[in-house]
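In what follows, a structure is listed as structure tokens, so that the remarks can point back to it.
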Amino acid sequence: MKTIRMEEMTCPAINTAIAQGYSTAVVGVGSTEQHGPHLPTMTDTRIAEEMAHRVAVKLGNALQARTIAVGISDHHLAFGGTISLQPETLRMIILDYIRSLSKCGFQRIIFLPSHGGNFGTIAQAIKESQTAHPQVKIVGYTDLLAFAHFLNSVSNEFGVSDDESGAHAGESETSIMLALESGLVIQDKFAPGYLGPTTEKEVGIIIEKGMPALTKNGIIGDPAKASAEKGEIYLERLADFLVRETTQL
């Protein structure tokens with residue numbers, strides 16, 4: 001096949017692929033939100049798109065469904081430039097994706113969120129959908145803290161601390177975007193943001209009070225040590241991690 005991206009395929013080509021054993025659909029779930037002064041608002045969606053594509057390729061029997069480009073981002077609205085869905089809206093989108101893809105004939109559907117605000121709602125929708133679609137295996141990687149911990153562990157191998165790697169527009173995300181969309185990364189705007197732990201406590205503060213309660217410039221981390229070379233390694237390691245984790249679910 002020339003492509004495994006369903007939006008680039010015809011309906012007959014998709015049906016033929018499914019009949020030939022491409023029975024898994026992989027869906028990235030991103031967001032459209034501020035990422036400090038140096039990264040574009042499509043950062044999470046672009047990363048979700050790439051994660052889903054690499055995972056689908058590594059699985060070998062999968063097609064990549066259209067990435068969901070907007071997520072739950074109310075906690076970023078104070079900075080401007082953000083488009084946010086209500087949790088119920090994203091929940092219904094996920095359920096509609098499942099309903100549609102199951103009708104296509106997919107036997108397994110994998111959701112891969114790249115934005116922390118989406119993880120809980122995706123987990124809820126997946127659990128709810130199992131009763132309605134018992135013939136389909138529906139999974140997603142929805143452990144936010146473990147996701148962040150994995151990225152931090154890779155950062156540490158490069159001599160980048162957890163605080164620098166960050167949870168939002170820090171070294172790790174910036175490195176990934178340098179690998180994917182270097183022309184959209186404004187390197188002379190690199191600046192440190194909140195540098196400290198991002199445990200459940202800090203995540204709770206962000207969700208309840210908004211990002212400005214933790215960071216004045218919209219960054220959690222420090223992009224100073226970012227590089228495209230590290231970004232490519234992050235992407236490959238992350239894809240391998242997600243394949244391992246989702247095949248165990």
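The values are calculated or read from the model by the stated rules, or taken from the named source; none is laboratory data. Just so it is clear, the model here is predicted, and its values are computed rather than measured. When we count neighbours, we look across all protein chains shown, and the Cβ atoms used for this are built from the backbone with ideal geometry, even at glycine.
Could we say that Thr121 is β-branched (Val, Ile, Thr), in a helix (DSSP H, G or I) and under 20 Å from Glu208 (Cβ atoms) here?
So Thr121 fits the description; yes.
Might you let me know whether segment 77-99 holds any residue that is surrounded by 24 or more Cβ atoms within 10 Å (Cβ to Cβ) and closer than 19 Å to Gly21 by Cα?
Scanning segment 77-99, I find at least one residue that is surrounded by 24 or more Cβ atoms within 10 Å (Cβ to Cβ) and closer than 19 Å to Gly21 by Cα, so the answer is yes.
Out of curiosity, is Phe190 closer than 28 Å to Lys216 by Cβ, out of contact with any His (no Cβ under 6 Å at 6 or more places or on another chain), at pLDDT 95 or above and of a type in the set (Phe, Trp, Tyr)?
no
Of the residues that make up segment 75-84, is at least one part of a strand (DSSP E or B), aliphatic (A, V, I, L, M) and in contact (Cβ under 8 Å) with a residue 24 or more places away in the chain?
yes
Would you mention how many residues in segment 6-30 are surrounded by fewer than 17 Cβ atoms within 10 Å (Cβ to Cβ), touching a residue at least 12 places away in the same chain (Cβ under 8 Å) and under 23 Å from Val70 (Cα atoms)?
Qualifying residue count for the region: 1.
Would you be able to say whether some residue in segment 5-26 is over 22 Å from the mean Cα position of the chain (by Cα), on the phi > 0 side of the Ramachandran plot and small (Gly, Ala, Ser)?
Scanning segment 5-26 turns up at least one residue that is over 22 Å from the mean Cα position of the chain (by Cα), on the phi > 0 side of the Ramachandran plot and small (Gly, Ala, Ser).
Kindly provide the set of residues from segment 168-208 that are in contact with a Leu (Cβ under 8 Å, 6 or more places away or on another chain) and part of a strand (DSSP E or B), ordered by number.
Selection gives Tyr194 alone.
If we keep just the residues of segment 38-72 that are touching a residue at least 12 places away in the same chain (Cβ under 8 Å) and of a type in the set (Gly, Ala, Ser), which is farthest from Met6 (Cα to Cα)?
In this case the residue turns out to be Gly71.
Exactly one of these conditions fails for Ala167: (1) crowded, with 22+ Cβ neighbours inside 10 Å; (2) modelled with pLDDT of 95 or more. Give me its number.
Against the list (1) crowded, with 22+ Cβ neighbours inside 10 Å; (2) modelled with pLDDT of 95 or more, Ala167 comes up short only on (2).
Could you please let me know if Ile72 is surrounded by 20 or more Cβ atoms within 10 Å (Cβ to Cβ), touching a Leu at 6+ places or on another chain (Cβ under 8 Å) and assigned to a loop (DSSP other than H, G, I, E, B)?
Here the answer is yes, as Ile72 does meet what is asked.
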